[in-house]
1. Can you work out which of the residues in the range 37-66 that are β-branched (Val, Ile, Thr) and part of a helix (DSSP H, G or I) is surrounded by the fewest Cβ atoms within 10 Å (Cβ to Cβ)?
2. Select from the range 12-36 the residues that are at positive phi and surrounded by fewer than 16 Cβ atoms within 10 Å (Cβ to Cβ) and list them in ascending order.
3. I need a count of the residues in the range 18-67 that are more than 19 Å from GLN90 (Cα to Cα), acidic (Asp, Glu) and touching a residue at least 12 places away in the same chain (Cβ under 8 Å).
4. Report, by residue number, each residue of the range 28-54 that is farther than 15 Å from VAL70 by Cβ and modelled with pLDDT of 85 or more.
Amino acid sequence: MDFMKMMKQAKELQSKMGDLQEQMGAVEAEGTSGGGLVTVRVNGKQELLSVKIDPSLLKPEEAEIVEDLVVAAHTDAKAKVDVAVQQKTQEIMSGLGLPPGMMPPGM
């Protein structure tokens, strides 16, 4: 591979990485726990967007359970976002002609 071709691919990679970062903000996933009693939404930047708690859980003696369910729902949503981001990354990187399994630093 000649140097000019490598430089062109590097610029293309940089552009695609910028596109990926933009698209990650648009990715959203919903996570649930407690059989749907707690639902959270996160975006591709792993920011918590919303929390919904079934009214049946809003009793003072249930506070610790609700807290645990919120954490579990967030973990579920985060895992789903991670999968979606990984798929987007593979889509963008597939056209660069990089060897299989080779990802740029930070990916």
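The values are calculated or read from the model by the stated rules, or taken from the named source; none is laboratory data. Everything numeric in this text was worked out from a predicted model, so none of it was measured. Quick reminder, even Gly has a Cβ in these numbers, built from the backbone with ideal geometry, and neighbours come from all protein chains shown.
1. Applying the first criterion (β-branched (Val, Ile, Thr)) to the range 37-66 yields 38-40, 42, 51, 53, 65-66.
Those left that are additionally part of a helix (DSSP H, G or I): 65-66.
Details: ILE65: 14, VAL66: 18.
Only one residue tops the list, namely ILE65.
2. Initial filter on the range 12-36 (at positive phi): 34-36.
If the condition is that a residue be at positive phi and surrounded by fewer than 16 Cβ atoms within 10 Å (Cβ to Cβ), then GLY35, GLY36 are the ones that fit.
3. 2
4. GLU28, ALA29, ASN43
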